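Q: I'd like to ask some things about the structure below.
The values are calculated or read from the model by the stated rules, or taken from the named source; none is laboratory data. Only a predicted model underlies this, so the values are computations on that prediction, with no experimental measurement involved. As a convention, Cβ positions derive from the backbone with ideal geometry for all residues, glycine included, and neighbour counts pool all protein chains shown.
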Amino acid sequence: MLFGTSIWWVLLAVIVYFGMGAIWYSPVMFMKMWQAEIKKKSADMNMAASAMVTTFLAMLVLVCIEAYFVQATGSNTLLRGAYLGLKLWIGFVATTALVNNVFQGSSKKLYAIDQGYHLVGLVLAGLILAH
């Protein structure tokens, strides 16, 4: 148990969030727009194992904290879990990423693509954790 949540639910939420990235940044969704915004072509991209491991571990930490908030707020229905994911995204992810986006001069389109992914990921994780 982790913050009152089975580790299996936490791992499922991490896998879904991580797997959603494979879909989100694929050719069927936003790969071409995303690559255009970061000014890289497919040939320039390499799938470094260390980047994937780092991403997975970061999502594990994020989902563990979301599991804590699910328990602390009593978000014990699918709707409440999803709503909590939305609130966490607005309060912590969208805001901090916006600060970086503004100072780095990144495009609004890149912000929307990247942060849209995290919005969907946090909402899905909230659904799973609140089961």
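Q: Looking at the structure I just gave you, is Thr96 surrounded by fewer than 18 Cβ atoms within 10 Å (Cβ to Cβ), assigned to a helix (DSSP H, G or I), among the polar types (S, T, N, Q) and free of Cβ contacts under 8 Å to residues at least 12 places away in the same chain? I'd like the intermediate steps shown before the answer.
A: Numbers: surrounded by fewer than 18 Cβ atoms within 10 Å (Cβ to Cβ): yes; assigned to a helix (DSSP H, G or I): yes; among the polar types (S, T, N, Q): yes; free of Cβ contacts under 8 Å to residues at least 12 places away in the same chain: yes.
Criteria met by Thr96.
Q: If you don't mind, another one. Answer yes if at least one residue in segment 26-45 is within 30 Å of His131 (Cβ to Cβ) and in a helix (DSSP H, G or I), and no otherwise. Spell out how you get there, then give the answer.
A: Pass one, segment 26-45, residues within 30 Å of His131 (Cβ to Cβ): 26, 28-30.
Adding the requirement that they be in a helix (DSSP H, G or I) leaves none.
Checking segment 26-45: not a single residue is within 30 Å of His131 (Cβ to Cβ) and in a helix (DSSP H, G or I).
Q: Quick check: anything in segment 109-116 more than 24 Å from Gln35 (Cβ to Cβ), of a type in the set (A, V, I, L, M, F, W, C) and part of a helix (DSSP H, G or I)? Please lay out each step first, then the result.
A: So the first thing to find is which residues in segment 109-116 are more than 24 Å from Gln35 (Cβ to Cβ), and the list is none.
No; the residues of segment 109-116 include none that is more than 24 Å from Gln35 (Cβ to Cβ), of a type in the set (A, V, I, L, M, F, W, C) and part of a helix (DSSP H, G or I).
Q: Now for a different question. Out of Val61, Val28, Val16, report the one residue that is of a type in the set (Val, Ile, Thr) and over 14 Å from the mean Cα position of the chain (by Cα).
A: Val28
Q: While we're on this one: Ile7 - would you say it is free of Cβ contacts under 8 Å to residues at least 24 places away in the same chain and farther than 18 Å from Leu122 by Cβ?
A: Working: free of Cβ contacts under 8 Å to residues at least 24 places away in the same chain: yes; farther than 18 Å from Leu122 by Cβ: yes.
So Ile7 fits the description; yes.
Q: Which residue pairs have Cβ atoms under 8 Å apart, sit 6 or more places apart or on different chains, and have a first residue in segment 66-90 that is exposed (fewer than 13 other Cβ atoms within 10 Å of the Cβ) and a second that is at pLDDT 95 or above and among the hydrophobic types (A, V, I, L, M, F, W, C)?
A: Pairs that qualify, where the first residue is exposed (fewer than 13 other Cβ atoms within 10 Å of the Cβ) and the partner is at pLDDT 95 or above and among the hydrophobic types (A, V, I, L, M, F, W, C), are Asn76/Val70; Asn76/Ala130; Thr77/Ala130.
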